[in-house]
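A short reminder: the numbers here are calculations on the coordinates, not readings from a lab. Since the model is a prediction, treat every value here as computed from it, not as a measurement. All Cβ positions, even for glycine, are placed from backbone atoms using ideal geometry, and neighbour counts span all protein chains on display.
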Amino acid sequence: MKRPARIGAIGLVVAAALLLLAFRIDDLPLLAAGDTYHAAFRDASGLSEGNEVRVAGVKVGKVTDVALARGGSGAYVRVTFRVKDVELGPDTGATIRIKTVLGQKYLALDPRGDGHLPADAEIPLARTSSPFDVMQAVQGLAGTLQDIDTAQLAQAFTVLSQTFADTPASVKASLTGLSRLSATVASRDQQLRELLRHAHAVTGVLAERDEEFRRLLTDANLLLAEVQRRREAVHTLLVATTELSEQLSGLVADNRATLGPALQHLRTVVGVLQRNRTRLEATITSLAPFVTAFANVTGNGRWFDSYVDGLVQGFTPTPGGR
């Protein structure tokens, strides 16, 4: 009993190791394909390990690490990534870009220059850039606005306008406009807070439904791609429909002189049938018993099956006789 149990335990361990290896095969240095590079950024901008690396919109690798590093110009973000099947020039640039409207990022490479960028090289800060995150800006604006005392700000601008009352007209008009602007902001403070709170809630919901939204966009792209592939068939169908309509129009035009009288006569016949509908119904009702009897007479073959009653008088057939 111990030997089968030991073999079973070893088999389970080997299966678990193979399953783990299948999921992490890209992280093994001996089996992973491609070259590893680094890129220096001022700001990671939400880029994380596992994000895609693309060249001209085509996926060529993925980000393997995002860490803080120090150099001659101070602290910076060092992004490590691995690519394959792509040649990077010595002047290659890198940009963190937004993949979806919900904030997913990817690393975009621009392979410039003649020659080959050696493996494990680092793209300097001069050739990298980060995107502007609208979601973070809106969230930051909401937090900043909540910390502002708008009533005090409006009062400050009013006092400032009164202080500069004796200044030239242009300066006075500018400060008066600022005072009115601050007063307007203060009067709409609650509406602005409500708007930003709803915007924050909407961005939160979209962030939670990021995967569903991404699948929706993917399905829409597949639908558009299928329509694009079937464009020739749709075009052929429309052309054939147009030709059929032209042929039908020509047929009607060529036979208009014949079709007109035929339709007129058909209308007359229909009118006659409608006027005599009661008589036709009575005729069909009376004809039904005759059709039934006639079917019974001729139902046994190609002859009439009938008899004449009372042809011979006083004849009584005997049992067994004819």
(message) Restricting to DSSP loop positions (anything but H, G, I, E, B) with no more than 16 other Cβ atoms inside 10 Å of their own Cβ, which trypsin sites (Lys or Arg not before Pro) remain in region 38-114?
(response) R42, K84, K99, R112
(request) Using label points projected 7 Å from each Cα along Cα→Cβ, tell me how many nm separate T278 and A119, to one decimal. (result) 10.4 nm
(request) Could you state, as a whole-number percent, how many of the C-alpha pairs of region 209-255 are farther apart than 16 Å? (result) 62 percent
(request) At q = 0.10, 0.11, 0.13 Å⁻¹, what is the base-10 log of I(q)/I(0) for region 176-306 according to the Debye formula with one equal point scatterer per Cα and no solvent? Please give it to two decimals. (result) -0.82, -0.86, -0.94
(request) Would you tally the net charge around T100, using a Cβ to Cβ cut-off of less than 12 Å, leaving T100 out, and scoring K and R as +1, D and E as -1? (result) +2
(message) Could you work out the pair-distance distribution P(r) of region 25-132 from its alpha-carbon pairs, with 10 angstrom bin width and percents rounded to whole numbers?
(response) 15, 51, 30, 4
(request) Obtain the nm distance between the two label points defined at A67 and S129 by a simple spin-label model: each point lies 7 Å from its Cα along the Cα-to-C-beta direction. (result) 2.9 nm
(message) I need the calculated FRET efficiency for the pair V270 and L248, taking r as the beta carbon distance and R₀ as 22 Å, to the nearest 0.05.
(response) 0.35
(message) Using the basic label-point model (7 angstrom from Cα toward the beta carbon), what is the A293 to L18 distance in nanometres?
(response) 9.0 nm
